[in-house]
1. Take the Cα pairs of region 26-72, get the Kirkwood Rh, then feed it into Stokes-Einstein at 20 °C and 1.002 mPa s and tell me D in µm²/s.
2. Express the Stokes-Einstein translational diffusion coefficient of region 2-83 in µm² s⁻¹, to the nearest whole number, given a Kirkwood radius over alpha-carbon pairs, 25 °C and a viscosity of 0.890 mPa s.
3. May I ask for the net charge around L22, where only other residues with Cβ less than 15 Å from the Cβ of L22 are counted and Lys, Arg are +1 while Asp, Glu are -1?
4. Which loop-located trypsin sites (Lys or Arg not before Pro) does the chain contain, where loop means any DSSP state but H, G, I, E or B and the Cβ has at most 16 other Cβ atoms within 10 Å?
5. If a helix is a whole DSSP H run, which ones in the chain reach 15 Å or further along their own axis (Cα) and hold a mean Kyte-Doolittle hydropathy of at least 1.0?
6. Restricting things to alpha carbons, tell me how big region 5-49 is in terms of Rg and Dmax, in Å.
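What follows draws every value from the coordinates through simple rules; no lab data is involved. Predicted model, so just to flag it, every value in this text is computed and none were measured. Because the Cβ atoms are built from the backbone with ideal geometry, glycine has one as well, and the counts that use them run over all protein chains shown.
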Amino acid sequence: MILLWGAAHISVAWDYSSVPFLFLVFAIEKVFYVVHWIKWLRRRDRWIDAVKDDFLANGFFHLYGLPDVFFGAALFAIFILGLL
């Protein structure tokens, strides 16, 4: 699915103003992932013992949603620019 979403991004990269609502869909998808990440962090006590000794896994679980915050904001900005 990641490759499919990436292909969708690339397919409209040079003509984003003709499909602004597609970028709104992309931004909403990122909101879903950020909300899921926050819920995951709130349930931290359930899985933290399993990864406490693994630096990479611990870092991944704590940081994997951060890029979605920035990409979601960028996609929403592209949506707004496409409307102008």
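1. Translational diffusion coefficient: 192 µm²/s.
2. Approximately 173 µm²/s, per Stokes-Einstein.
3. -1
4. Those satisfying the criteria are R43, K52.
5. 20-42, 66-83
6. Gyration radius and largest Cα-Cα distance of region 5-49: 15.6, 48 Å.
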